[in-house]
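What follows is calculated from the coordinates using simple rules that are stated; it is not laboratory data. Bear in mind that the values here come from a model prediction, so they are computed numbers and not experimental data. With ideal geometry, Cβ positions are generated from the backbone for all residues, glycine too; neighbour counts draw on all protein chains shown.
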Amino acid sequence: MKVGTIFITKFLITVIVTLVILIIIKSSTGFKNTFYKQVYGTNISFTELKKLYNKYIGDSSILDSVVKDEAVFSEKLTYSKTEKYLDGVNLNVTTNYLVPIEESGIVVFIGEKEGYNNTVIIQRIDGIDEWYGNIENVNVKLYDYIKKGTLLGEANNNLYLVYKKDGNVLNYEEYLK
């Protein structure tokens, strides 16, 4: 089969499954309540959704051959000093430091977090939630899929990072190697 035919087939299957779920939600109050509880009451793991998609519909890498985007900004995280801060680490960076994303993932939160100022949380492809705190001029939007090295925004003198998985704080030293 051609790449276009495979893509259209997967797209149509996804649309059909979505429509079936919406019809069931509309007609069954019990299913509707269960569905809403799962969607709004728990943290959605986009990594798990991708695994399910790949398992039942097939590899989603077909989009890589259709959509080609190359980062204009491709940098690595640089800092002069680290010190423990709340649940994570405070990195001393330069003024107006352009913050690169450490690992590809989906933006799941943008807003204020106590002690971290304006924060962006990215659910990385490995399932880890990475918090970037003290970010100004945010360059991403909620639910954007972003690639490693992409420009996240700016930080002034301090960049706060926190790593969490399943609600548990992880040791930042293992990720700053």
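In whole Hz, what ³J(HN,Hα) sequence does the stretch 86-98 give by Karplus (6.51, -1.76, 1.60; θ = phi - 60°), x for Gly and Pro?
6, 8, x, 9, 9, 9, 7, 10, 6, 5, 6, 5, 7
Take Lys113, Lys2, Lys50 and order them by how many other Cβ atoms sit within 10 Å, fewest up front. Please list the in-between numbers first.
Working: Lys113 16, Lys2 7, Lys50 13.
Neighbour counts put them in this order, fewest first: Lys2, Lys50, Lys113.
Kindly provide the helix-only [θ] at 222 nm of the chain, computed as the sum of -39,500 (n - 2.57) over DSSP H runs of four or more divided by all residues, to the nearest 500 deg cm²/dmol?
Per the formula, -10000 deg cm²/dmol.
If the chain between Lys113 and Val15 were fully stretched, how many nm would it gain, using 0.36 nm times the residue separation less the Cα-Cα distance?
Difference between extended and current length: 31.7 nm.
Pulled fully out, how much extra length does the chain show between Ile25 and Leu98, if you take 0.36 nm times their separation in residues and subtract their Cα-Cα distance?
This chain segment gains 21.8 nm when fully extended.
Taking a cut-off of 22 Å between Cα atoms, list the lysines near Lys113, but don't count ones fewer than 8 places away on the same chain.
Candidates past the 8-residue exclusion: Lys84, Lys141, Lys164, Lys165.
Which of [x] -0.60, -0.69, -1.03; [y] -0.50, -0.59, -1.04; [z] -0.43, -0.52, -0.97 is the computed log10 I(q)/I(0) by the Debye sum over Cα atoms at q = 0.11, 0.12, 0.16 Å⁻¹ for the structure on display?
Answer by label: [x].
Quick one: compute the contact order of the stretch 81-174, relative version, from alpha carbon pairs under 8 angstrom and 6+ residues apart, as a percent.
So the answer I get is 35 percent.
For the stretch 98-141, which GluC sites (Glu not before Pro) are in a loop by DSSP, counting at most 12 other Cβ atoms within 10 Å?
Answer in residue order: Glu114.
Work out the length of the dipole vector of the chain about its Cα centre, built from +1 on the beta-carbon of each Lys and Arg and -1 on the beta-carbon of each Asp and Glu, and round it to the nearest 20 debye. Display every interim value, and only then the final one.
Details: 20 positive and 21 negative charges, 169 e Å.
In debye, rounded to 20, the chain gives about 800.
Would you please give the FRET efficiency between Leu176 and Thr42, computed as 1/(1 + (r/R0)^6) with r the Cβ-Cβ distance and R0 = 30 Å, to the nearest 0.05? Write down the numbers at each step before the final one.
Numbers: r = 29 Å, r/R0 = 0.98.
Computed FRET efficiency for Leu176 and Thr42: 0.55.
Collect residues whose amide H, placed 1.01 Å from N in the peptide plane, falls under 5 Å from the amide H of Asp144; neighbours closer than 5 in sequence don't count.
Excluding prolines and chain starts, which carry no amide H, the hits are Val107.
Helices from the chain with mean Kyte-Doolittle at least 0.0 and a Cα length along the axis of 24 Å or more, per DSSP H: which?
The qualifying helices are 3-27.
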